[in-house]
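*Asks:* Take this structure first; my questions come after.
The values are calculated or read from the model by the stated rules, or taken from the named source; none is laboratory data. As the structure is a prediction and not an experimental result, all values here were calculated from the model. All Cβ positions, glycine included, derive from the backbone under ideal geometry; neighbour counts span all protein chains shown. SASA here: full protein model, heavy atoms, side chains in, ligands and nucleic acids out. Shrake-Rupley method; radii C 1.70, N 1.55, O 1.52, S 1.80 Å.
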Amino acid sequence: MVRYKKSDEKRRLILHAAFQALAELGYDAVTLQIIADYAKVSKGVVHYYYNSKDAVLTELLLWLTGRIYEKECAAVQEQSTAGGKLAAYLDSVFVAPEKNRSFYRVYLDFLAKATRNPAYREINQRFYGNCRSISTEIVLQGQREGVFHAGLDIDGTAAAIRAIIDGCLIQWLMTDRDGLHSVYKDICHQAVLKLLTPP
């Protein structure tokens with residue numbers, strides 16, 4: 001029996017297709033056949049790489065959250081001041097209306113399933129841990145620079161920063177108005193600064 005080497009490129013094609021299908025159709029409507037159709041491959045090809053829809057989507061969530069963390073972390077590392085790092089972090093999160101819409105449609109579907117899916121829950125906890133590490137770096141540097149409140153609870157503040165970010169993006173998504181994307185980004189920035197700066 002001939003064994004074919006599994007291609008990373010083909011895996012990425014399937015994951016991209018799964019993401020697009022989820023963004024357009026929603027979690028419950030997506031099947032392996034639909035993922036195959038979006039990838040323009042046979043269902044057998046998808047089955048060669050993944051034995052179930054859940055296997056595809058678990059890897060998709062891991063891949064998505066990993067990529068997002070890497071991009072956010074890289075943007076922050078390019079800056080030398082706490083204010084610059086915060087602005088870069090928010091720029092990397094509020095990337096563009098169409099990208100934020102697609103991601104949050106998919107991500108909210110995953111969150112809805114995470115309460116009953118331990119794998120999704122674990123991946124999400126790791127993602128939020130990574131987000132807290134970015135926020136912690138920003139807060140600690142701001143405290144060293146004397147621009148952020150010295151008495152902040154670091155862990156609680158780091159969690160609150162991501163809560164503000166996600167809250168603003170979800171509220172923006174519900175408006176269904178691309179023109180308000182930058183408005184919600186500004187609201188988010190001001191809310192985080194209010195949390196961080198001395199009274």
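*Asks:* Report ³J(HN,Hα) in whole Hz for each residue of region 148-162, in order, from the Karplus equation J = 6.51 cos²θ - 1.76 cosθ + 1.60 where θ = phi - 60°; Gly and Pro get x.
*Replies:* Those phi angles translate into 10, 4, 5, x, 5, 6, 4, 4, x, 5, 4, 5, 5, 4, 5 Hz.
*Asks:* Rank A88, Q143, I187 by how far each Cα sits towards the positive end of the charge dipole of the chain (+1 on Lys, Arg Cβ; -1 on Asp, Glu Cβ) and give me just the farthest.
*Replies:* A88
*Asks:* Another question about this same structure. So what does T58 come to for accessible area, using a 1.4 Å probe and Å² rounded to 10?
*Replies:* So the heavy atoms of T58 present about 30 Å² to solvent.
*Asks:* For region 143-171, list residues with backbone N below 20 Å from a point placed 7 Å from the Cα of I187 toward its Cβ?
*Replies:* 160-171
*Asks:* Let me have the 222 nm mean residue ellipticity of the chain computed from DSSP H runs of 4+ only, each contributing -39500 (n - 2.57), with the sum over all residues rounded to the nearest 500.
*Replies:* Result for the chain, helices only: -26000 deg cm²/dmol.
*Asks:* At a Förster distance of 30 Å, what's the computed FRET efficiency of A119 paired with Q77, Cβ-Cβ distance as r, to 0.05?
*Replies:* Rounded to the nearest 0.05, the efficiency is 0.50.
*Asks:* What Cys residues in the chain have no fellow cysteine's beta-carbon under 4.7 angstrom?
*Replies:* C73, C131
*Asks:* Tell me the angle of helix 97-114 to the major Cα principal axis of the chain, expressed in degrees between 0 and 90 and rounded to the nearest ten.
*Replies:* 80 degrees
*Asks:* From largest to smallest, what semi-axes in whole angstrom does the chain give when each is the square root of 5 times an eigenvalue of its alpha carbon gyration tensor?
*Replies:* Values: eigenvalues 258, 64, 42 Å².
Result for the chain: semi-axes of 36, 18, 14 Å.
*Asks:* I've got another one for you. Going 7 Å from the Cα of H16 along its beta-carbon direction, which residues of region 42-67 have the amide nitrogen within less than 20 Å of the resulting point?
*Replies:* Taking a point 7 Å out along Cα→Cβ of H16, the residues of region 42-67 whose backbone N falls under 20 Å are 42-50, 56-67.
*Asks:* Please get the size of the charge dipole for the chain, origin at its Cα centre, with Cβ charges of +1 on Lys and Arg and -1 on Asp and Glu, quoted in debye to the nearest 20. List each step's numbers first, then the result.
*Replies:* Numbers: 25 positive and 22 negative charges, 142 e Å.
Roughly 680 debye, rounded to the nearest 20.
*Asks:* Compute the length gained on full extension between H47 and R126: take 0.36 nm times their separation in residues and subtract their Cα-Cα distance, giving the result in nm to one decimal.
*Replies:* 25.7 nm
*Asks:* Kindly sort I187, I170, I134 by accessible area of their heavy atoms, largest first, with the probe set to 1.4 Å.
*Replies:* I187, I170, I134
*Asks:* How far, in nm, would the chain grow between E145 and A96 when pulled straight, counting 0.36 nm per residue and subtracting the alpha carbon separation?
*Replies:* Result: 14.6 nm gained on full extension.
*Asks:* For helix 8-25, report the angle its Cα long axis makes with the longest principal axis of the Cα atoms of the chain; keep it between 0 and 90° and round to the nearest 10°.
*Replies:* The two axes meet at around 80 degrees.
*Asks:* Here's a follow-up. Would you kindly state the longest site-free stretch of the chain, with sites defined as trypsin sites (Lys or Arg not before Pro) in a DSSP loop (not H, G, I, E, B) surrounded by at most 12 other Cβ atoms within 10 Å?
*Replies:* Values: sites that count: R3, K5, K6, K40, R116, R177.
Looking at the chain, 41-115 is the longest stretch - no exposed trypsin sites (Lys or Arg not before Pro) with at most 12 other Cβ atoms within 10 Å.
*Asks:* If you line up the long axis of helix 82-93 against the longest principal axis of the chain, both from Cα atoms, how many degrees apart are they, to the nearest 10?
*Replies:* Result, in degrees: 30.
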